[in-house]
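The values are calculated or read from the model by the stated rules, or taken from the named source; none is laboratory data. Treat the numbers as computed from the prediction; the structure is a model and nothing was measured. Reconstructed Cβ throughout: ideal geometry from the backbone, glycine too, with neighbour counts over all protein chains shown. Ligands, DNA and RNA are excluded from the accessible area calculation, which covers all protein heavy atoms including side chains. Shrake-Rupley method; radii C 1.70, N 1.55, O 1.52, S 1.80 Å.
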Amino acid sequence: MSQEQIVTRFPPSPTGYLHIGSTRTALFNWLFTRQKHGKFILRIEDTDRARSTDDATQAILKSMEWLGLDWDEGPYFQSERYDIYNAMVDLLLLTGQAYHCHCSPDELDQRRKDAQARGLKPKYDGKCRDLGLGPALGSVVRLKAPASGITQFHDIIKGPIRFNNEELDDLILRRSDGSPTYHLAVVADDINLGINYVIRGDDHVNNTPRQIQIYNAIEATVPRYAHVPMILGPDRARLSKRHGAMSVLAYRDMGYLPNALLNSLARLGWSYGDQERFTKEELIEKFSLENVGKSAGVFNPEKMLDLNAHYIRESSDEFLADKLIPFLEQSGFADLDKTMVKKTVTTLKARSKTLVDMAEGAAFYFQDDISYEQKGDEKFLKPDMLDLFEQLERRIEPISIFNQMSLEKMFASFMEENQIKLKKIAQPLRVALTGKTASPGIFELMEVLGKDRVLERIQKAVNHIRKKS
Ligand code: GLU
């Protein structure tokens, strides 16, 4: 007998950017599904028309694409699926599992207060439950939930969870304006799309028995549930903006590689022995819901920055050049030559923690006219350098193969002749060539700049020193 295909979903609400907490949930769904060769569905939960925006939907899609979390079906939009929700509510009404309730919000409020005053739970008191009422202006449809007994499920991560039905309300399925409630829409969609594993944040644990009651009322098979623990910041407070950027696209724009984010998110609550870094393929192979811990994961932005530096060091120059070009373009450089960008990457990848760092570090290569940092200018571009700089120009001019090796050779004899150490010339030359006191190694950067630019910049420094002295 062939095994049933695993079908999962990621159902974000498009009310803002894609939060890294939700992204971790998406990632766990995706890893689990890819490992099992299942089907991963994207569903946009946009029934809250007032708070849902197209921009947020686009941000979600872009975030998922950037991370490489591809989906097999969708995106479905809940706002386009009201027929499915209405059909389910109508079926529940028809089978007597739901009823019209005419209690007005004011009445409900008053009765809730009375109940509380008498020390009772402020839940719906069931007034319309057995009245057999029809629809009316302002009426809602409620589920006829079991009044006694228990609703339980076995959570893959948390183990057995049970709720007393007495604690649960006859929840509203359809509001007076005809719109479905979250619980109804989620269950109707999950049934309609054949979802058999629901992997979501544990802020939904209390929703699960309510949703199971709907499955039971419709006599549908209840999916398996895995509620993943929440995420904390390094100070063990609930993860929030205080701890750093929360949106996936903010990390993209800060120059992170998708892999750094994926690894950091995968390790939030899940582990595989002591292994710190995983390729995407390894994550797919090694991920298991059983290895997701019961306690909260701690997100550490500093660790992620180190991880990013690691992935930058490990990535190919070709890959990094493609990623770097948009950042350079954003700094105003146009018509970039990819071969040149690749060469700059070679000199910068060991010293850049992010692509933004790298773009900043690479700027001097592409600027037509560099400017000098004040400190470096004052300290290193001084009259005593004029003679050395001019000698260098004369020595550089005839070099026909302008590379690190020939430059090192030339410098060796230049330093010997002038009885100076590399220190004496390297920093002033660095300021002359890059405008800065920190840069890649002097010989490698000269090779990448090329002879003409090197000569041009030394001459500019000479003129600059003359002018100021
Ligand atoms: N749209 C819900 C949310 O963003 C997800 C609901 C679910 O996973 O069942 O929290």
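Can you tell me which residue is nearest to the ligand (Cβ to nearest atom) among those in the stretch 45-59 that are part of a loop (DSSP other than H, G, I, E, B) and small (Gly, Ala, Ser)?
Per the stated criteria, the residue is Ser52.
Can you work out which of the residues in the stretch 293-328 that are among the small types (Gly, Ala, Ser) and farther than 30 Å from Ala237 by Cα is least open to solvent (accessible area, probe 1.4 Å)?
Ala321
Please identify the pairs in which a residue from the stretch 97-111 that is more than 12 Å from Val141 (Cβ to Cβ) has its Cβ atom under 6 Å from the Cβ atom of a residue that is of a type in the set (Asp, Glu) and outside any strand (DSSP E or B), counting only partners at least 6 apart or on another chain.
So the pair list comes out as Arg111/Asp125.
Here's a check for you: in the stretch 88-126, which residue that is of a type in the set (Asp, Glu) and out of contact with any helix residue (DSSP H, G or I) (no Cβ under 8 Å at 6 or more places or on another chain) is farthest from Glu219 (Cα to Cα)?
The selected residue is Asp114.
Can you name the residue in the stretch 3-20 that is over 15 Å from the mean Cα position of the chain (by Cα) and more than 10 Å from the ligand (Cβ to nearest atom) and, of all such residues, is modelled with the lowest pLDDT?
Per the stated criteria, the residue is Gln3.
Being open to solvent by less than 10 Å² (accessible area, probe 1.4 Å), of a type in the set (Asp, Glu) and within 18 Å of Phe32 (Cα to Cα), is that true of even one residue in the stretch 195-216?
Within the stretch 195-216 (the criterion being open to solvent by less than 10 Å² (accessible area, probe 1.4 Å), of a type in the set (Asp, Glu) and within 18 Å of Phe32 (Cα to Cα)), the answer is no, since none of the residues qualifies.
Taking Tyr225, is it aromatic (Phe, Trp, Tyr), open to solvent by less than 10 Å² (accessible area, probe 1.4 Å) and more than 11 Å from the ligand (Cβ to nearest atom)? Before you say what the answer is, go through the steps one by one.
Working: aromatic (Phe, Trp, Tyr): yes; open to solvent by less than 10 Å² (accessible area, probe 1.4 Å): yes; more than 11 Å from the ligand (Cβ to nearest atom): no.
It is false that Tyr225 is aromatic (Phe, Trp, Tyr), open to solvent by less than 10 Å² (accessible area, probe 1.4 Å) and more than 11 Å from the ligand (Cβ to nearest atom).
Name the single residue, out of those in the stretch 183-202 being over 15 Å from Tyr215 (Cβ atoms) and of a type outside the set (D, E, K, R), that is nearest to the chain's Cα centre (by Cα).
Gly201
Yes/no matrix, rows are residues, columns are (1) among the charged types (D, E, K, R); (2) assigned to a loop (DSSP other than H, G, I, E, B); (3) at positive phi; (4) more than 16 Å from the ligand (Cβ to nearest atom):
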residue: Phe153; (1), (2), (3), (4): no, no, no, no
residue: Gly178; (1), (2), (3), (4): no, yes, yes, yes
residue: Val187; (1), (2), (3), (4): no, no, no, no
residue: Arg200; (1), (2), (3), (4): yes, no, no, no
residue: Ala245; (1), (2), (3), (4): no, yes, no, yes
residue: Ala250; (1), (2), (3), (4): no, no, no, yes
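Please specify each residue of the stretch 410-424 satisfying the condition of being over 48 Å from the mean Cα position of the chain (by Cα) and open to solvent by 60 Å² or more (accessible area, probe 1.4 Å).
Here is the first cut: in the stretch 410-424, the residues over 48 Å from the mean Cα position of the chain (by Cα) are 410, 412-421.
Within the stretch 410-424, Glu416, Glu417, Gln419, Lys421 qualify.
Sort through Leu27, Leu42, Leu31 and tell me the only one that's closer than 24 Å to His227 by Cβ, open to solvent by less than 10 Å² (accessible area, probe 1.4 Å) and not in a helix (DSSP H, G or I). Outline the logic, then answer.
On the way: Leu27 fails: not in a helix (DSSP H, G or I); Leu31 fails: not in a helix (DSSP H, G or I).
When all the criteria are applied, what remains is Leu42.
Could you give me the residue pairs with C-beta distances under 8 Å whose first residue belongs to the stretch 437-465 and is over 19 Å from Asp387 (Cα atoms), whose second residue is among the small types (Gly, Ala, Ser) and open to solvent by 10 Å² or more (accessible area, probe 1.4 Å) wherever it lies, and which are 6+ apart or on separate chains?
Ser439/Gly361; Pro440/Gly361; Ile442/Ala426; Leu445/Ser439
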